[in-house]
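Structure, as structure tokens:
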Amino acid sequence: MKAKYNESFIKIKDILEAIPYGTAFLDENFRVVFINSFLEALTGYKSEEVKGLDINQIIKTNVFKELIARLRKEEKFSIEGDIINVHRRKILVKITVTSLSQGKNRWFMLVLEDLSLLKDKSLFLPQFGMDFILGNSPAILKIKEMLPIFANSNATLLIEGETGTGKDLLAEVIHKLSPRANHPFIKVNCGALPEPLLESELFGHVKGAFTGANADKPGMIKLANGGTLFLTEIGDLPFTLQVKLLTFLDDKEFYPLGSSQKVKVDVRVIVATNKNLRQMVKEGKFREDLFYRLNVLKVQLPPLRERGDDILTLADYFLKEFSEKAHKKIKGFSEQVLKVLRSYKYPGNIRELKNIVEYAVHVCSDELITEKHLPEYLFTAIKEEEEDQQQTLAKDWSAIRTQKIESFTWAEIEKKRIIDALTSCRGKKTEAAKMLGWARSTLWRKLKKYGLA
């Protein structure tokens, strides 16, 4: 019976870790059995440290008396109130409580949702530097939902995404929303300097450490003390420096170049890359232990081509921004331009869209941006893509003819292409969409159309 209980408890821990909100599991006496990593980030307490403590020692809230009173009477309810975390920061939360029973045993599950960002709408204004957060595509809504978790945590955060998707902006926004907002935000590009200079840039050096070191120099890590260190292009970090960074992440201490004295700092580390670090680990180009140390919290920024109508939302915002700067009264885009903007794949993502709109504003002398105001390369790229799709269709037709399959309708051919792509990609829809040359939203629509969803 004990083995079954332990097995059930392990499953409960897994379930709580999968919930994207701070979650606590309590016994019948309101003592902590387990809290998930999201609640650790929200409160600042570790699960192992608080096990067996009364919940009021962890969730210090102004509605605690009402919470306990309702816990004794109701099976499920929600309540809003403030909590004070270990850093003495007040956070507005919604607490949802569920009572669970198994035989004579009774437990409680508390789910805490951070409402502070939702209440302060000014944080989502574009002037806050959150261009990438404009839009309502599923991936962006998920990132908005997770922002409080990322901001309130001291854990290392890995941001992945293609060039131009907004990795630098996201890192800075997370810093501005965090308890470290009044301390430095220091950015270091790991691919911008040769190894010796990069080591000195990060860790600093003492006088005489090398030729030309005429004075002590604090590194970027020391300058970021109390704040956030943002390491962009982490995939370009030289292998030897990966060892030193790993040691620093473990100990929060390091030796400046040429020094025998350790420097201890309090720094939150965020890293970003447009490379596949997991693949680099397989190829022996990135240390496996460092990869897992960096991959504590992770966010994947979607490419612009997979964000559907967010493209037009961003285009409208950039149009307003550049029109005001250029003192022009441009009302919007023509229908033909909107079609082009929807069709283009944006290898440069948001940065490229921004440049396209800026170019159009500068060359436009009318009240409406038309096709003649767009860069010529857009039409060339779209034409080449259409030609590639036609070649793919021709190959599909050839294969069908070779297999002597007759009387296929276009819908049947398209359905077969989708099934083949999903099979080839082992069911991964994002990869299948890329293989088919479609946006992910287009693939979803086709899956529903042919009853494959």
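The values are calculated or read from the model by the stated rules, or taken from the named source; none is laboratory data. The model shown is predicted, which means the values in this text are computed figures rather than measured ones. Positions of Cβ are generated from backbone atoms using ideal geometry, with glycine treated the same way; all protein chains shown enter the neighbour counts. Just so you know, the surface numbers come from the protein's heavy atoms only, side chains and all, with ligands and any DNA or RNA stripped out. Shrake-Rupley method; radii C 1.70, N 1.55, O 1.52, S 1.80 Å.
Of the peptides 213-226, 25-38, how do they stack up when ordered by the mean number of other Cβ atoms within 10 Å, highest first?
Working: 213-226: 16.1, 25-38: 18.8.
With the highest mean Cβ count within 10 Å placed first, the list reads 25-38, 213-226.
Amide hydrogen proximity for residue 36: with H placed 1.01 Å from N in the peptide plane, the residues at 5 or more positions away or on another chain lying under 5 Å are 23. Per-residue ellipticity at 222 nm computed for the chain from its helices equals -14000 deg cm²/dmol, with DSSP H segments shorter than 4 residues left out and the rest contributing -39,500 (n - 2.57). Charged neighbours of residue 336, selected by a Cβ distance under 12 Å, balance to +1 (K, R count +1; D, E count -1). Highest mean first, the peptides 160-172, 79-91 sorted by other C-beta atoms within 10 Å per residue fall in the order 160-172, 79-91. Which Cα, out of 347, 103, 202, lies furthest along the positive dipole direction of the chain (beta carbon charges, K/R +1, D/E -1)? Looking along the dipole axis, the top candidate is 103.
Amide H to amide H distances under 5 Å link residue 77 with 97, where only residues 5 or more positions off or on other chains count and H is placed in the peptide plane.
The phi-based Karplus calculation (6.51 cos²θ - 1.76 cosθ + 1.60; θ = phi - 60°) puts the 3J(HN,Hα) values of the stretch 96-105 at 10, 10, 10, 8, 10, 10, 8, x, 8, 7 Hz, whole numbers, x for Gly and Pro.
Work out the FRET efficiency for residue 27 and residue 86 from their Cβ-Cβ distance, taking R0 = 22 Å, and round it to the nearest 0.05. Walk me through the numbers on the way to the answer.
On the way: r = 23 Å, r/R0 = 1.03.
So the FRET efficiency works out to roughly 0.45.
Computed across the stretch 128-263, the Kirkwood radius stands at 16.4 Å (inverse of mean 1/r, all Cα pairs).
At the listed q of 0.06, 0.09, 0.13, 0.14 Å⁻¹, the Debye profile of the chain, built from one uniform point per Cα, gives log10 I(q)/I(0) equal to -0.37, -0.81, -1.28, -1.33.
Averaged per residue, the chain has 53 square angstrom of accessible surface, using a 1.4 angstrom probe with ligands and nucleic acids left out. Taking the Cα of residue 144, stepping 7 Å toward and past its beta carbon, and measuring to each backbone N in the stretch 296-322: which are under 14 Å? The answer is 309-311, 313-314.
Screening the chain for whole DSSP H helices with an alpha carbon extent of at least 18 angstrom along the helix axis and a mean Kyte-Doolittle hydropathy of at least 1.0 yields nothing.
Counting only protein heavy atoms and using a 1.4 Å probe, what share of the accessible area of the chain belongs to carbon plus sulfur, as a whole percent?
Numbers: 12340 of 24140 Å².
The computed percentage sits at 51.
Label-to-label distance, residue 370 versus residue 189, with points set 7 angstrom from Cα along the beta-carbon direction: 4.0 nm.
Along the stretch 263-273 the Karplus relation, 6.51 cos²θ - 1.76 cosθ + 1.60 evaluated at θ = phi - 60°, assigns HN-Hα couplings of 10, 10, 9, 10, 9, 8, 10, 10, 10, 9, 7 Hz to successive residues, with x for each Gly and Pro.
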